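Contents: one structure, followed by commentary.
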């Protein structure tokens with residue numbers, strides 16, 4: 001569950017960072033799907049079958065408000081149906097206009113449901129719409145879903161009776177108009193779906209608003225169950241001919257999709273519910289607080305080990321570099337000419353292979369290099385922990401691990417160094433276990449990390 | 001010299017103007033009575049157009065019957081029935097629109113309360129200079 005929450009937070013973070021690009025892409029994808037489905041199912045006008053036109057229309061929709069897609073889809077439907085029959089186009093136009101004038105001037109944001117409902121019907125997952133509308137919307141969303149159902153069944157009726165409509169060319173306009181209007185008003189499947197969707201939306205809304213635990217989950221399951229039962233009862237009583245397998249499969253897929261939507265929209269931890277009571281001057285409050293499930297996304301810092309960085313690129317706090325320490329005059333002369341510190345032979349070879357300009361300045365001067373001692377005598381803390389490429393080196397046998405940080409280890413390492421070589425380093429090495437001597441993998445310099453000052 | 005608090009305040013206000021403020025600020029530009037009346041009138045016009053379309057569709061649907069029985073039809077009675085249905089539908093939608101837009105106006109005002117407080121704070125910070 002924690003991984004899912006992390007993925008959710010990660011996706012939210014990506015969306016919030018790049019929503020300027022993601023929204024047009026999503027709108028473009030939705031427009032393409034909607035327009036292609038219209039062309040596939042009722043593509044009677046050849047000019048609109050042109051993929052370039054569909055692409056251009058989808059591109060235009062991706063940079064406009066979502067309601068432009070709704071209008072464009074309505075225009076595409078009208079033009080295609082007009083190519084089949086003028087009377088069909090008139091009926092469709094009247095239906096669209098009444099929806100716009102009577103309902104969508106109150107709630108224009110719900111207009112997308114009119115597009116999404118037929119798309120979900122075409123994809124055989126219609127039950128997503130009422131359950132999602134009940135979870136995230138209001139009871140008025142039932143009207144939006146209902147409008148989508150009417151549009152779908154009207155277009156489906158036109159598609160199913162395409163040949164009959166084409167064959168009615170000799171009939172009068174009134175006869176054709178009556179045929180289409182009758183087909184729309186007497187469509188029992190549409191009536192059953194309308195009632196099922198309306199009841200589902202209202203029921204889901206009422207249940208998810210309850211203050212009981214897992215209200216959203218209960219609402220989701222109940223809504224789907226009620227919707228499926230209504231459809232099956234309608235099939236038995238009115239004979240609307242629905243496939244049982246299709247209904248059940250569609251319901252299962254809808255359940256999955258709705259669960260995903262619910263996870264993103266509403267994810268709370270009922271085990272940490274708090275029931276509070278308090279009062280102020282005017283009211284006595286009974287409060288139930290349910291915390292949301294959130295998790296901080298761990299920040300991944302990618303370190304490029306191939307690229308050498310200068311010392312200034314690394315943040316310095318509570319750290320003292322060796323070159324900042326006062327110079328020790330008693331250091332043996334050999335240390336000044338020796339290659340960088342206690343570098344093993346392989347590293348020394350590597351460092352000498354490098355062009356001089358790439359080496360950090362301190363290593364070039366050799367001013368502060370400690371003596372080159374045999375590796376067995378050298379304290380592990382002075383052994384390089386990484387080679388030139390930054391790869392962690394295994395500790396040599398007989399030496400301790402390069403992971404310094406323990407006071408005892410440091411004390412022994414400082415004891416092994418000659419007193420003349422680094423008196424200040426011994427003094428400065430009086431650090432707590434939270435500090436340590438580490439080698440900076442980029443520059444190869446040894447870094448003493450100071451612990452925070454403690455008041456004695 | 002830049003005042004960080006003022007910049008933060010202005011950034012929050014600009015963010016509100018770009019998102020929720022696009023709907024609520026134009027609403028708050030009206031008086032409550034003007035906003036509700038305007039929208040009720042627009043609703044009445046929309047309902048009238050929709051009703052006219054439906055009536056035309058109904059007459060067209062029954063065109064053959066009307067033409068065949070045109071001398072037997074009680075046109076006056078039919079017109080009275082249509083008008084009464086129209087008035088009932090108009091009344092229902094107008095009442096609904098009145099309550100809906102009143103609620104919408106009150107919600108916009110509440111939403112703008114915080115914005116106006118921020119505006120006052122900004123104005124005071126300029127006065128203090």
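Here, each number is a calculation from the coordinates, and none is a lab measurement. Being a predicted model, the structure only gives us computed values, none of them experimental. Reconstructed Cβ throughout: ideal geometry from the backbone, glycine too, with neighbour counts over all protein chains shown.
Annotations for the structure displayed:
- Annotation: the residues B:119, A:276, sorted from fewest to most other C-beta atoms within 10 Å of their own C-beta, follow the order A:276, B:119.
- Approximate spin-label separation residue A:213-residue A:7, in nm, with each point projected 7 Å along Cα-to-Cβ: 2.6
- Contact order relative to length of chain B, as percent, for alpha carbon pairs under 8 angstrom and 6 or more apart: 53
- Residue order, fewest to most surrounding Cβ atoms within 10 angstrom, among A:292, B:109: A:292, B:109
- Each helix, a run of at least 4 DSSP H residues, gives -39500 (n - 2.57); summed and divided by the residues of chain B, these come to -30500 deg cm²/dmol at 222 nm.
- Rounded, prolate or oblate (a/c below 1.5 giving rounded, otherwise prolate when a/b exceeds b/c) for segment A:18-264 by Cα gyration tensor: oblate
- Highest mean packing comes first when the peptides A:127-140, A:256-269 are listed by Cβ atoms within 10 Å, giving A:127-140, A:256-269.
- For B:62-68, mean number of other protein chain Cβ atoms within 10 Å: 2
- The relative contact order of segment A:1-82, computed from alpha carbon pairs under 8 Å that lie at least 6 residues apart in sequence, is 36 percent.
- Taking a ≥ b ≥ c as the square roots of the eigenvalues of the Cα gyration tensor, segment A:207-307 is oblate, since a/c reaches 1.5 or more and a/b is not larger than b/c.
- Rounded if a/c under 1.5, otherwise prolate or oblate - segment B:4-128, Cα gyration tensor axes: prolate
- Relative contact order, whole percent, for segment A:105-209 stands at 38, derived from Cα pairs under 8 Å and 6 or more residues apart.
- For the pair segment A:25-54 and segment A:176-234, the centres of their Cα atoms are 29 angstrom apart.
- Among B:114, B:77, B:33, residue whose mean-square fluctuation peaks in a GNM of chain B (springs only between Cα atoms under 10 Å): B:77
- Label-point gap, in nm, between residue A:206 and residue A:15 - each point 7 angstrom along Cα→Cβ: 3.0
- Segment B:1-25 residues near the modelled residue B:127 label - backbone nitrogen below 12 Å, point 7 Å along Cα→Cβ: none
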